[in-house]
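Following: one structure in structure tokens, then a few remarks.
The values are calculated or read from the model by the stated rules, or taken from the named source; none is laboratory data. Given the structure is predicted, the values throughout are model-derived calculations rather than measurements. With ideal geometry, Cβ positions are generated from the backbone for all residues, glycine too; neighbour counts draw on all protein chains shown. To get the accessible areas, we keep the full protein, side chains included, count just its heavy atoms, and leave off ligands, DNA and RNA. Shrake-Rupley method; radii C 1.70, N 1.55, O 1.52, S 1.80 Å.
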Amino acid sequence: MTERLLILAGGYSKEKEISLKTAKSVYSELLKEKKYKLKILNPDGQFIKVLRKYNPDIVLNLLHGRYGEDGYIQSILETERVKYTHSGVLASSLAIDKEISKLIFIKNKILTPKYFKYKSNNFSNKKKLLQHINKSLGFPIVIKPLNEGSSVNVYICKKNNFLRNLKKLKEYGEILIEKYIPGREIQVAILSGKILGAIELKPKRKFYDYEAKYNPKAKTEHLIPVALTRAQYKRITNIALKAHKILKCRGVTRSDFRFFKGKFYLLETNTQPGMTSLSLVPEIAKFNNITFKNLIKKILEDASINK
Ligand SMILES: Nc1ncnc2c1ncn2[C@@H]1O[C@H](COP(=O)(O)OP(=O)(O)O)[C@@H](O)[C@H]1O
Ligand SMILES: [Mg+2]
């Protein structure tokens with residue numbers, strides 16, 4: 001029996017291009033299987049109309065960022081009673097918000113970098129802001145939007161370039177100012193409520209920024225298996241599994257960590273992790289003998305709606 005799949009890609013976020021690229025590689029993989037009827041859709045104003053007309057068995061959500069990863073599209077799919085992949089409404093909304101998810105991590109004793117939320121109008125002047133940073137966090141710090149992805153508008157700042165970088169984020173009403181954690185960058189994938197594996201990133205650039213993530217010329221090294229003791233590996237993967245569970249995620253997630261002085265700091269849990277050929281979850285899957293196609297099939301198996 002053929003299954004009708006509607007692949008959602010594109011969207012309105014800053015990660016639109018990445019999502020479209022992902023959809024193409026997923027489409028060509030699934031096409032090799034005769035069992036699917038496939039359609040790629042960029043959900044715009046006509047979305048619900050096209051959805052109803054095509055009447056898919058499953059929606060494969062390959063969107064990233066706002067609208068696609070934050071519970072918005074998920075709530076439309078719930079209302080339309082169509083099964084869809086990845087996390088549901090609540091988990092998506094919680095995980096996309098870096099502040100809310102950090103509060104949940106802290107409440108559940110998961111270590112995350114110290115931070116405060118900054119609104120452009122909640123410090124009377126820049127001197128007070130600098131004083132507050134010096135007192136509460138200390139430089140260097142990381143400034144980042146609350147709900148962006150792909151390292152878009154994430155800046156590591158020293159005291160001398162902080163105010164200049166801060167201006168670059170003025171389009172956001174609120175941002176996070178976080179303590180910079182040196183050390184190693186390790187990411188952990190969870191699939192269907194189980195640990196899939198971990199990978200370490202060694203960027204040649206200053207940090208794992210947009211270029212380091214998506215431009216092969218940036219030559220970020222991917223290290224798998226990750227050089228950790230068995231106990232450390234168990235610890236980091238179990239933190240990722242715990243984060244996946246407490247945020248009530250479904251399907252696949254990828255949690256981003258910094259590892260410094262024997263401690264794992266959870267930066268965030270991504271509910272719509274990248275799936276391009278350079279992406280990490282497919283690489284972790286491959287290392288564990290799960291082909292790209294089988295990874296997608298497993299994600300499809302987890303598709304559901306709220307009962
Ligand atoms: N507190 C931090 N300390 C050190 N590096 C950080 C910190 N926050 C972010 N980074 C770097 O920036 C990257 C992107 O930050 P992250 O919080 O994961 O946001 P995004 O949603 O854009 O991926 C991380 O993978 C890491 O390399
Ligand atoms: Mg990240």
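Values as computed for the structure displayed
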quantity: Every residue from segment 60-92 that is more than 15 Å from ligand 1 (Cβ to nearest atom) and assigned to a helix (DSSP H, G or I); calculated: TYR72, ILE73, GLN74, SER75, ILE76, LEU77, GLU78, THR79, VAL89, LEU90, ALA91
quantity: Whichever residue in segment 1-22 is within 17 Å of LEU300 (Cα to Cα) and open to solvent by 80 Å² or more (accessible area, probe 1.4 Å) and, among such residues, is modelled with the lowest pLDDT; calculated: MET1
quantity: Number of positions in segment 243-275 that are assigned to a loop (DSSP other than H, G, I, E, B) and buried (at least 20 other Cβ atoms within 10 Å of the Cβ); calculated: 9
quantity: Residue within segment 111-124 that is crowded, with 19+ Cβ neighbours inside 10 Å and among the aliphatic types (A, V, I, L, M) present; calculated: no
quantity: Close pairs from segment 35-60: first open to solvent by less than 80 Å² (accessible area, probe 1.4 Å), partner acidic (Asp, Glu), Cβ under 8 Å, at least 6 apart; calculated: TYR36/GLU3; ILE48/GLU80; LEU51/GLU80; ASP57/GLU3; ILE58/GLU3
quantity: Within segment 171-242, strands (runs of 3 or more DSSP E) holding 2 or more residues that are surrounded by 19 or more Cβ atoms within 10 Å (Cβ to Cβ); calculated: 174-179, 184-191, 194-202
quantity: Matching residues in segment 137-170 - criterion: being more than 15 Å from ligand 2 (Cβ to nearest atom) and part of a loop (DSSP other than H, G, I, E, B); calculated: LEU137, GLY138, PHE139, PRO140, LYS158, LEU169, LYS170
quantity: Single match in LYS158, LYS170 (criterion: outside the structural domain of THR271 (by TED's automatic domain parsing) and in contact with a Pro (Cβ under 7 Å, 6 or more places away or on another chain)); calculated: LYS158
quantity: Residue ID - modelled with the highest pLDDT, chosen from residues in segment 23-34 that are open to solvent by less than 60 Å² (accessible area, probe 1.4 Å) and charged (D, E, K, R); calculated: GLU29
quantity: Hits in segment 197-206 - residues which are touching a Ser or Thr at 6+ places or on another chain (Cβ under 9 Å) and at negative phi; calculated: ALA198, LEU201, LYS202, PRO203, LYS204, ARG205
quantity: Some residue of segment 115-124 being in contact with a Cys (Cβ under 8 Å, 6 or more places away or on another chain) and not hydroxyl-bearing (Ser, Thr, Tyr); calculated: no
quantity: Single residue of ASN147, ASN238, ASN215 found to be in the same structural domain as SER101 (by TED's automatic domain parsing), within 19 Å of the chain's Cα centre (by Cα), polar (S, T, N, Q) and modelled with pLDDT under 90; calculated: ASN215
quantity: From HIS86, HIS64, residue being at pLDDT 95 or above and under 22 Å from THR22 (Cα atoms); calculated: HIS86
